[in-house]
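First up is the structure itself, then whatever we jot down about it.
The values are calculated or read from the model by the stated rules, or taken from the named source; none is laboratory data. The shown structure was predicted, so the numbers you read here are calculated from the model rather than taken from an experiment. Methodologically, a virtual Cβ is constructed for each residue, glycine included, from the backbone with ideal geometry; neighbour enumeration extends over all protein chains shown. Keep in mind that these areas ignore ligands, DNA and RNA; they rest on the heavy atoms of the full protein, side chains included. Shrake-Rupley method; radii C 1.70, N 1.55, O 1.52, S 1.80 Å.
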Amino acid sequence: MFDLASLTTFIIAAFVVVIVPGITVSAIVSTALARGFKAGMLMELGAQVGRLSMVILVAIALEAVTAAVNASFFWIKLGGAAYLAWVGWGYLSSRSSISVDKSHTERTAWRQVVSGFFVLWSNPKAFLFFGAFLPQFVNPMHPAWPQVLVLGLIEMGAALITDTGYIVIASRARHLLTGQLALQVNRAAGAILIGAALWLALQHQA
């Protein structure tokens with residue numbers, strides 16, 4: 001279903017997207033700082049469940065759209081590429097860094113997982129981004145939903161790797177997660193994301 005060039009581009013873009021500190025990363029880092037590695041990973045588990053639910057919804061919606069009007073698929077992907085460029089510009093121009101909450105309120109493991117789930121779903125941009133990002137790499141000649149699920153699982157894997165890295169760092173060196181490093185990560189990711197959006201737009205015109 002996927003050619004090597006598109007799949008490679010997706011994997012690179014997936015890591016670029018998830019490595020940028022956002023609301024979910026901020027919450028996970030805050031939890032790891034306040035309650036340790038285990039609590040951070042429990043919140044990550046909840047976030048992963050949230051990501052999976054978003055991927056499933058995108059797969060169902062995209063399958064319905066492509067089955068109804070195949071011609072509209074081009075415009076969905078082109079609009080998605082424009083949205084990726086807009087997100088990239090937001091990263092490029094951002095001066096924000098990870099916020100840290102050192103609260104030590106006790107929470108059960110279940111509450112940590114649920115908290116991670118709702119942190120992800122409380123950010124409407126997350127679902128909007130999944131809806132714009134994943135369809136860019138779907139081949140309209142094949143059923144959409146299995147492709148979206150595969151891409152979504154890859155994205156979740158990338159998020160697990162990068163979020164775990166943040167959790168480990170948060171447990172050891174708080175100052176590395178804020179300030180200039182976070183700013184440089186935002187700028188680099190923004191530039192890469194805009195480049196990817198332009199490449200995708202050119203592919204759609206071909």
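The figures follow:
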read-out	value
Cβ-derived FRET efficiency at R0 25 Å, Thr164 paired with Asp3, nearest 0.05	0.25
Among 156-168, 128-140, the order from most to least packed when residues are scored by Cβ within 10 Å on average	128-140, 156-168
Distance between modelled label sites at Lys38 and Ile11, nm, 7 Å Cα→Cβ extension	3.5 nm
List Leu7, Leu57, ordered by accessible area with a 1.4 Å probe, largest first	Leu57, Leu7
Solvent accessible area, Å² - Trp121, 1.4 Å probe, full protein context	90 Å²
Segments 41-50, 108-117 sorted - mean Cβ within 10 Å per residue, highest first	41-50, 108-117
19 Å cut-off, amide nitrogen to a point 7 angstrom out along Ser53 Cα→Cβ, residues in the range 123-142	123-132
